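Just below is one structure, and these are the notes that go with it.
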There are 2 protein chains.
Amino acid sequence: MSDPVTMRQIAERAQVSIGTVSHVINGTARVRTKLRMRVQEAIRSLGFQPSALAQGLRLNRTKMLGMIIPDITNPFFPGVVRGAEDVAFRNSYRLVLCNTDNEPAKEALYVAELRSFRAAGLLIIPAAGSDLRAELSSGTPATQPVVCVDRCPEGWTGDAVVVDNEEGAYQAAKHLIRSGHRHLAVITGPALLANAIERLNGFKRALREARLSIASEFVQEAAFDTRSGYQAAKRLLRMLPRPTAIFACNDLMALGVLHALHELDLRCPEDVSLVGFDNLEVCEYTNPALTSVYQSGYQMGAAAAGLLLERIKGLQDAPRHIALETELKLRKSVMSIANFDKIPSKKPRRRSKANREAVLAD
Amino acid sequence: MSDPVTMRQIAERAQVSIGTVSHVINGTARVRTKLRMRVQEAIRSLGFQPSALAQGLRLNRTKMLGMIIPDITNPFFPGVVRGAEDVAFRNSYRLVLCNTDNEPAKEALYVAELRSFRAAGLLIIPAAGSDLRAELSSGTPATQPVVCVDRCPEGWTGDAVVVDNEEGAYQAAKHLIRSGHRHLAVITGPALLANAIERLNGFKRALREARLSIASEFVQEAAFDTRSGYQAAKRLLRMLPRPTAIFACNDLMALGVLHALHELDLRCPEDVSLVGFDNLEVCEYTNPALTSVYQSGYQMGAAAAGLLLERIKGLQDAPRHIALETELKLRKSVMSIANFDKIPSKKPRRRSKANREAVLAD
DNA sequence: CTCAAACTTTGAAAGGTTTAAAAAAGGTTA
DNA sequence: TAACCTTTTTTAAACCTTTCAAAGTTTGAG
């Protein structure tokens, strides 16, 4: 009742050696029916569960996958984690969750620890500015495969599962341009993050193709969170001429933009159109519902875990770089220029001039 | 470079026995300065990291905490997990994350596995209808403490960290009543979940105190998710007389209500007021911004992990039942009856009669 | 009926740590 | 300097599996 059952006890009960028990359990050798039955019966009646620790020690690897992410509290990541957990679970692997808060030091700590724990493999969404290669170089990568998820650190040549950020952003910008916008602004993520850069590149490509130029102050860097998105929006909306459309490189920042717009008494999409990236659930419920570039965190996590497990099972290919597709989800936050004359006049709830300036002065 | 450094190698390098190395590392015995220095130097130069597996096997416990939750994808849970991870991390414990999807079978599996893994303790948000006591009874609870989080299974007498659901719901209902509402409806969570029951009780207490009765069909059960909240709302909004206010026992269901309202061309809060529970981030961005009962998932997770760690360190108190406070966050989704005459008339965007009926028929 | 071949089963080591007990070293006193 | 007490260091077992090599058993052919 109190202490867990070990193979030794099974062996005693079944009157066989421990080795035989192991062979029955793992099918590592033929065992005559009679003994096999006895062992199975003993296992059933005593309720044996092998010690994962002893197994790990002996085999020099566990059934644990390390999942290192910036912050589970960021609504994009739970989907990724869940996708990974689901495929891990189906293969009887488990997930150790680690939040780095984007601090390379914490990331390095976790990597070292998971290695010492003989995690079977690592799924990593690298911290901004992390030097993953250095962190990994002190061990045997052959026995502990690593797959980068969502973004790669600079110079990463290993496996990775990401999303086609460039194309997604391109589609977003193109949609705005097609809708007649000519003064586009963009709020990018941290310049250290590969996905932020790719999205910016896609955005710029669409402008280039449309022969539009972009003033450098219309490219504002923020931190992929609501607060910094809000601040960046405040900066942008103060400019003259004001951009008529903003592409926020993720939805959290788009939320910040919405907040800023509201505070400045500007209407979306009548005064400023907005497109986000990620297509979080919240997009359906914002006011107005947010047009956004869909990417499936779940699929990304699942694909990454799938690839990682293949590597664990010994797959020896060249490193793979899997880029999932995105899809622009149209909602209500973009106004077509063709409709400009239909914009209803503003409601009188407009703030007093003094008040507005106060807000702008922020 | 390739294989991890073991104590044996440290011992060789420092010209001492393995036991001495262990004593230096753990401070389990006095070691003369000279040897101690040699050992420390060896550790430094070879870069030793103890094998958590070997330690776990020897000590019969690891530095892992099992965290079992229904689904990390539900936006309330990431905060809980993060709170737990933060305090675990500060105490050099790590978290193994397990999603049960509210399936007791999956929960039981995880519990058994984490036990076999010698997790130091378990943090569990029980699945609906789980019999945790049974799952736990087959092992030695003394060595593996368990803390229930967010809700307790029926008859649970162990440690728990929850929120004062009853009071939170009471405040929500009271707010609606004070605002002049008399036809209140409630969308509850699964009747198997303690927190759902408590919230319903709080709601009913407020009604009782105000000498209001509630028709049984104004109490609709849903599953704490958006979809079922939407369906419950559809049922409610079809009734005559229609409730003038709805209390949704969590925000996800409130989102569903918002969706239903929109589809039926009813306005919130002019036609129907709405209060949610959880105060998710999304409440700020919905249309209208959602009044909701705040509870801190982060604090709950942190408190639970704190208590669990105390138990792991040997605290022997009577079981604790910690209930955190809630706070009603007022936003725009509740209309005061005093303002009823100020409601602007509906805009002409109202659907045609035929269309409306089609929607109602759903 | 014997012997070899094929198949089963067992024994023991290994994996890396902790720790109780034994051994060794160092120090003190007579 | 011997005897004795402390303090320091080492030894070896234990934790629970897996697995290789060795020992044991069965089978079938001659």
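The values are calculated or read from the model by the stated rules, or taken from the named source; none is laboratory data. All figures in this text were calculated on a predicted structure; none of them were measured in a lab. Cβ coordinates were reconstructed from backbone atoms using ideal geometry, including for glycine residues, and neighbour counts include every protein chain displayed.
Results, tabulated for the structure shown:
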{"read-out": "Number of the condition not met by B:LEU123 [criteria: (1) within 19 Å of the chain's Cα centre (by Cα); (2) in the same structural domain as B:PRO269 (by TED's automatic domain parsing)]", "value": "(2)"}
{"read-out": "Breaking point among (1) within 16 Å of DNA strand D (Cβ to nearest atom); (2) closer than 23 Å to B:ARG133 by Cβ; (3) more than 8 Å from every other protein chain (Cβ to nearest Cβ); (4) surrounded by fewer than 21 Cβ atoms within 10 Å (Cβ to Cβ), for B:LYS34", "value": "(2)"}
{"read-out": "Number of the exception - B:ASP86 against (1) surrounded by 21 or more Cβ atoms within 10 Å (Cβ to Cβ); (2) within 30 Å of A:SER296 (Cβ to Cβ); (3) not hydroxyl-bearing (Ser, Thr, Tyr)", "value": "(1)"}
{"read-out": "Test set (1) crowded, with 24+ Cβ neighbours inside 10 Å; (2) more than 16 Å from DNA strand C (Cβ to nearest atom); (3) more than 19 Å from the chain's Cα centre (by Cα) - B:LEU65 fails condition number", "value": "(3)"}
{"read-out": "Those residues of the stretch B:117-127 which are assigned to a loop (DSSP other than H, G, I, E, B) and more than 13 Å from chain A (Cβ to nearest Cβ), in sequence order", "value": "B:ILE125, B:PRO126, B:ALA127"}
{"read-out": "Selection from the stretch B:128-180 of residues that are touching an Asp or Glu at 6+ places or on another chain (Cβ under 8 Å), within 14 Å of chain A (Cβ to nearest Cβ) and in a loop (DSSP other than H, G, I, E, B)", "value": "B:THR140"}
{"read-out": "Boolean, A:LEU114 is touching a residue at least 40 places away in the same chain (Cβ under 8 Å), within 14 Å of another protein chain (Cβ to nearest Cβ) and either over 17 Å from the mean Cα position of the chain (by Cα) or closer than 22 Å to A:VAL80 by Cα (or both)", "value": "yes"}
{"read-out": "Complete set of residues in the stretch A:216-241 that are hydrophobic (A, V, I, L, M, F, W, C) and out of contact with any Asp or Glu (no Cβ under 7 Å at 6 or more places or on another chain)", "value": "A:PHE218, A:VAL219, A:ALA222, A:ALA223, A:PHE224, A:ALA232, A:ALA233, A:LEU236, A:LEU237, A:LEU240"}
{"read-out": "Qualifying residues in the stretch B:1-20 (those that are more than 10 Å from DNA strand C (Cβ to nearest atom) and buried (at least 16 other Cβ atoms within 10 Å of the Cβ)) - the one nearest to the other protein chains (Cβ to nearest Cβ)", "value": "B:ARG13"}
{"read-out": "Which listed residue is at the interface with chain B (Cβ under 9 Å from one of its Cβ atoms), part of a helix (DSSP H, G or I) and touching a Gly at 6+ places or on another chain (Cβ under 7 Å), from A:VAL87, A:VAL81", "value": "A:VAL81"}
{"read-out": "Residue in the stretch B:279-287 that is in a strand (DSSP E or B), touching a helix residue (DSSP H, G or I) at 6+ places or on another chain (Cβ under 8 Å) and either more than 14 Å from every other protein chain (Cβ to nearest Cβ) or at pLDDT 95 or above (or both) present", "value": "no"}
{"read-out": "Residue match in the stretch A:21-29 (condition: surrounded by fewer than 22 Cβ atoms within 10 Å (Cβ to Cβ), within 9 Å of DNA strand C (Cβ to nearest atom), more than 21 Å from B:TYR93 (Cβ to Cβ) and at pLDDT 95 or above)", "value": "yes"}
{"read-out": "Yes/no for B:GLY56 being modelled with pLDDT of 95 or more, within 10 Å of DNA strand C (Cβ to nearest atom), touching a strand residue (DSSP E or B) at 6+ places or on another chain (Cβ under 9 Å) and within 23 Å of A:ARG58 (Cα to Cα)", "value": "yes"}
{"read-out": "Flag for B:THR73 being buried (at least 16 other Cβ atoms within 10 Å of the Cβ) and of a type in the set (S, T, N, Q)", "value": "yes"}
{"read-out": "Residues of the stretch A:48-69 satisfying the condition of being assigned to a loop (DSSP other than H, G, I, E, B) and either closer than 24 Å to A:SER130 by Cβ or not charged (D, E, K, R) (or both)", "value": "A:PHE48, A:GLN49, A:PRO50, A:SER51, A:ASN60, A:THR62"}
{"read-out": "Residue list for the stretch B:222-257, filter: touching a residue at least 60 places away in the same chain (Cβ under 8 Å) and out of contact with any Gly (no Cβ under 7 Å at 6 or more places or on another chain)", "value": "B:ASP225, B:LYS234, B:ARG238, B:PRO243, B:THR244, B:ALA245, B:ILE246, B:PHE247"}
{"read-out": "In the stretch A:174-205, the residues that are within 17 Å of A:VAL163 (Cβ to Cβ) and among the small types (Gly, Ala, Ser)", "value": "A:GLY189, A:ALA194, A:ALA196, A:GLY202"}
{"read-out": "Condition check for A:GLN49: near DNA strand D (Cβ under 10 Å from one of its atoms), under 30 Å from A:LEU95 (Cβ atoms) and at pLDDT below 95", "value": "yes"}
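The rows are residues; the columns are (1) surrounded by fewer than 24 Cβ atoms within 10 Å (Cβ to Cβ); (2) hydroxyl-bearing (Ser, Thr, Tyr).
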position	(1), (2)
A:THR157	yes, yes
A:VAL162	yes, no
A:LEU176	no, no
A:HIS183	yes, no
A:VAL186	no, no
A:ALA191	yes, no
A:ALA194	yes, no
A:ARG205	yes, no
A:ILE214	yes, no
